[in-house]
């Protein structure tokens, strides 16, 4: 099999980060397959040795794969999942697909007997939206296989699995793995639903609303934006335990809400962007930081991105270095290495691609331990960019093949920013609920480089 390459590079003032990136790239590339297999372009996103990719894992690993230049792999795998949706499986997809292009036999025996975590369909839909924003590839909007999956998921799938008429899927049969109402697989075999399902569904509603908006279905877009708000409201009202100061985790068959245990974190609600009340969000971040040391790699791989988007730079770095620790058990799990790339590109460097407005947003998350960090040859918008973050400056080079709008941001209130040495008025925004930033938008033609500085 031909060796797989990526042009992506990373360098910083931290030797640990530099070494960690080299490990992550070697590890991730060893899982990328670009020819010869019946399934087509794919990367491993499941237990090592399965030679397969799983819906949950692909949804998480996709941003790292995109940055490395493997958007074709993301698209192919999403299409394979989407093509497998069927009425016979109650509008579920294949949970895990192997290199032969077949459902992994460890998880699928028949349409009546297969493994499926109900949040996965919403998670994949959200992934497809994010990959459209990363790439600008119209197939994420127009491909008939994907569009069929989007529509069936947000209509027939919900209707089929909604057992009590509340608009939210529930477990059909106690003890069955065909329709686990959570990503939590540690018991709870009689749970009707768990709170991460609501977080994923809210994100799925937002993604579907976006696709509807982009394809001229204004009324549907409005309806699903409202549905996402409704589900988040349920989380903040019915699922919030004021006395305990945390969210309920489990809805039992009789409809009562309980906690999983004293160490429940409901961390996925952070990852899905479901929480919109600052005090509760901050409290959840505190809990994650204090208790997640013992998490398995599947949970640990998310940790840096629990903190970086919210401006908690020191905690982001703490958990990134933990993810890079050679002593972490099962570090070879594919999610680990791909997540390092995500944490560096989207977390530390703060890159957010927004194709539909032609915008690349950046907000530096360098903490005091770093004087600079840079990535070169980041694959985005069908081309590449280089991005460098310094203590009070950002530098971006555009090689996407098109003019872009660079929305360069810094934490705090800055009335002005320097753009290539010239003073410009800055705009203040709060992003991700709690992070106050100052932005300046800089048009960049193909081949141009700009430097934006925050002074004072």
- prompt: What is the one condition in (1) assigned to a loop (DSSP other than H, G, I, E, B); (2) crowded, with 24+ Cβ neighbours inside 10 Å; (3) touching a helix residue (DSSP H, G or I) at 6+ places or on another chain (Cβ under 6 Å) that residue 61 does not satisfy?
  reply: (1)
- prompt: Any chance the stretch 98-112 includes a residue that's within 22 Å of the chain's Cα centre (by Cα), modelled with pLDDT of 95 or more and either within 26 Å of residue 379 (Cβ to Cβ) or not in a helix (DSSP H, G or I) (or both)?
  reply: no
Test result for residue 316, without any contact (Cβ under 8 Å) to a residue 40 or more places away in the chain and either outside any loop (DSSP other than H, G, I, E, B) or in the same structural domain as residue 393 (by TED's automatic domain parsing) (or both): no
statement: Note on the stretch 34-56: residues touching a residue at least 40 places away in the same chain (Cβ under 8 Å) and either surrounded by fewer than 21 Cβ atoms within 10 Å (Cβ to Cβ) or within 16 Å of residue 83 (Cα to Cα) (or both) are 37, 38, 39, 40, 42, 47, 48, 50, 51, 53, 54, 55
field: Set 124, 141, 102: member being surrounded by 23 or more Cβ atoms within 10 Å (Cβ to Cβ) and either in the same structural domain as residue 73 (by TED's automatic domain parsing) or touching a strand residue (DSSP E or B) at 6+ places or on another chain (Cβ under 7 Å) (or both)
entry: 124
task: Please state which of the following conditions residue 191 fails to meet, knowing it meets all the rest: (1) exposed (fewer than 14 other Cβ atoms within 10 Å of the Cβ); (2) touching a strand residue (DSSP E or B) at 6+ places or on another chain (Cβ under 8 Å).
output: (1)
query: Of all residues in the stretch 128-157, which are over 18 Å from residue 215 (Cβ atoms) and either under 20 Å from the mean Cα position of the chain (by Cα) or assigned to a strand (DSSP E or B) (or both)?
result: 134
task: Of all residues in the stretch 284-313, count the ones that are more than 20 Å from residue 185 (Cβ to Cβ), in contact (Cβ under 8 Å) with a residue 24 or more places away in the chain and surrounded by fewer than 14 Cβ atoms within 10 Å (Cβ to Cβ).
output: 1
message: Looking for something within 30 Å of residue 33 (Cα to Cα) and outside any loop (DSSP other than H, G, I, E, B) - is there at least one such residue anywhere in the stretch 399-417?
response: yes
- prompt: For residues in the stretch 258-302 being in contact with a strand residue (DSSP E or B) (Cβ under 9 Å, 6 or more places away or on another chain) and not in a loop (DSSP other than H, G, I, E, B), which is nearest to residue 433 (Cα to Cα)?
  reply: 280
Single match in 157, 132, 183 (criterion: in contact with a strand residue (DSSP E or B) (Cβ under 9 Å, 6 or more places away or on another chain) and either over 20 Å from residue 269 (Cβ atoms) or surrounded by fewer than 20 Cβ atoms within 10 Å (Cβ to Cβ) (or both)): 183
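The values are calculated or read from the model by the stated rules, or taken from the named source; none is laboratory data. Treat the numbers as computed from the prediction; the structure is a model and nothing was measured. FYI the Cβ positions are ideal-geometry reconstructions off the backbone, even for glycines, and counts take in every protein chain you see.
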